[in-house]
Structures are given as structure tokens and as C-alpha cells.
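Here, each number is a calculation from the coordinates, and none is a lab measurement. Model, not experiment: these values are computed from the prediction. Here the Cβ positions follow ideal geometry from the backbone for every residue, glycine too, while neighbour counts run over all protein chains shown.
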Amino acid sequence: MSDTKTIDQPQSGRRRAYERLTPETAVLLLIDHQAGLVSGIRDLAPDEVRHNVVAFARAARVLGVPVVLTSTAPMMWGPTLPELTEALPGVDNIERSVVNAWDEPRVRDAVKRTGRQKLLIGGITTQVCLAFPVMSAVADGYDVYALLDASGTWSDLLRLTAIDQMRQAGVRITSGAAAFVEMLHDNASPIAGEFYAALDLPATRYILQITQGGKSA
């Protein structure tokens, strides 16, 4: 076994090999980050989620990770966040009517065309727009990561029950902050400065202000 693999054992008791995330194996799927839905988030600060999802979209562009974007019923839930679409020039927003984004053939086909098997997903709400497609994608054979800091819902109870449901289905529960830094891999990379500027983590920004007088990594 290579040094990039460890053994992960979900609560269900199943064991599987873990392979480190890389920009060459990952695809980012962003589901229903729409103005109305974001405004209703209560388990995280809405502005935090807005910041995070845009940061992950920008970081994906720096790393060369493909992004699939989808929204549902904009007349009901509002438009996709304008700052998100601005961060993803040239990326089509797949509008759909079905609740589970994975039930939309255009979404599945867009992911399939990337040729990547490691699927990073953020969605609003956590218990529906994130949980339903991540469990469906696992059932279709993808290695799926649920990005909790790019998701949100109406209460802590809904968040906790969704996490339990996803974990039992074999979904990897993580954060975009961790997943994207894992894909950077090396702080000596020539794109590290551009990457951290795109990711714009508050803690990282503060540390750099102290250690480098505000200069990027």
C-alpha cells in the first residue's frame, strides 16, 4: 500500500482504502447556493457560507479542479449567488426541477464527463440538497466528500441527523477548507500564494498579516 493510503472505517463498520485527494482526481459539485436558501441558514452564519462557497470555487479554478453548478426553482428559492457565478466564468448553471440534483441527467453527465471519481459536494440545504445527492452518488460508485462548510440548513438538529444519515451511507464528512488544502499538497508549490489568496481563510489571512506583514503566502 502506498504512503498516500490509510484505512478509513465509517460508523457502519465497513472498511475501505483512502486515497489522498488530488486536483487530478477531484470534481466540485455546488448545489442550490441560491439567495433565498442561503438567507434561511441558521446552523452557520449565512455570510460565512457565502464566503466559503465562493472561496472554494476560486480555489478550484486555481488548482484546475472542474466545477459543476446547479440550481433549482429560482422563482421560488431565488437566483444563484451572483458572486458565485462571477467566480465561475464559463461554467453553465444547470437549472432543474427535481429535488435530488443527482436525479437530473445533465448533472450526472457533467460530472461523468470530467472522468473524476472523487466528488466534492456542497449544497443548501444540508438535509436535502446535500444529503440526497451525496448518498445517490455513493450508490453509483463515486468516492464522495460532503463539504459541511459549503452547506447549511435551518437548525442544528437537521444538520446532525443529515450527517448521521450521510455517514452511514458511506459519505466522507469533511470541510472544503481541509479538502482544498489537501489538494494543494505542498506549500512550496508555485501556485500556493494564488491558492491561499483564492481560499481566503480568515485564520490564514490573520496569520499571514502577522508573519508577512499582509503579504500573501
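Among ALA59, ALA87, ALA188, the residue with the largest mean-square fluctuation in a Gaussian network model of the chain, with springs joining Cα atoms closer than 10 Å, is ALA188.
Taking one quarter of the surface of the C-alpha convex hull of the chain gives a mean projected area of 12.3 nm². For the range 16-110, what proportion of DSSP beta bridges, expressed in % and rounded to the nearest 5, is antiparallel? Close to 10 percent. Each residue of the range 25-36 was assigned a 3J(HN,Hα) from its phi angle through the Karplus curve 6.51 cos²θ - 1.76 cosθ + 1.60 (θ = phi - 60°); the sequence is 10, 9, 9, 9, 10, 10, 10, 6, 7, 10, 3, x Hz, with glycine and proline shown as x.
Among beta bridges identified by DSSP and lying wholly in the chain, the antiparallel ones come to about 20 percent. Our analysis of the range 45-170 gives Rg over Rh at 0.93, with the two radii drawn from alpha carbon positions and Rh computed by the Kirkwood formula. Considering helices alone, the calculated mean residue ellipticity of the chain at 222 nm is -12500 deg cm²/dmol, with DSSP H runs of length four and up weighted by -39500 (n - 2.57) and normalised per residue.
Take the convex hull of the alpha carbons in the range 36-86; its mean projected area over all directions comes to 3.8 nm². Scanning residues 5 or more positions from GLY78 or on other chains, those with amide H under 5 Å from its amide H are GLY36, with H placed 1.01 Å from N in the peptide plane.
Annotation: amide H-H contacts under 5 Å for VAL144 (H modelled 1.01 Å from N, sequence separation of 5 or more, or interchain): LEU119, ARG172. When the chain is treated as a Gaussian network with alpha carbon springs shorter than 10 Å, the biggest mean-square fluctuation among GLY40, GLY115, GLY123 belongs to GLY115. Once the Kirkwood radius over Cα pairs is known for the range 109-196, the Stokes-Einstein relation at 4 °C and 1.567 mPa s delivers a diffusion coefficient of 94 µm²/s. Within a Cβ distance under 13 Å of PRO74, other residues only, what is the Lys/Arg minus Asp/Glu net charge? Net local charge, PRO74 excluded: -1. Put simply, the amide H of ARG42, placed in the peptide plane, has neighbours under 5 Å in THR153, TRP154, SER155, leaving out anything fewer than 5 places away on its chain. Across PRO74, PRO66, PRO190, mean-square fluctuation computed from a Gaussian network of the chain (C-alpha pairs under 10 Å connected) peaks at PRO190. The range 60-116 has equivalent-ellipsoid semi-axes of 20, 17, 7 Å, by the square roots of 5 times the alpha carbon gyration tensor eigenvalues, sorted largest first.
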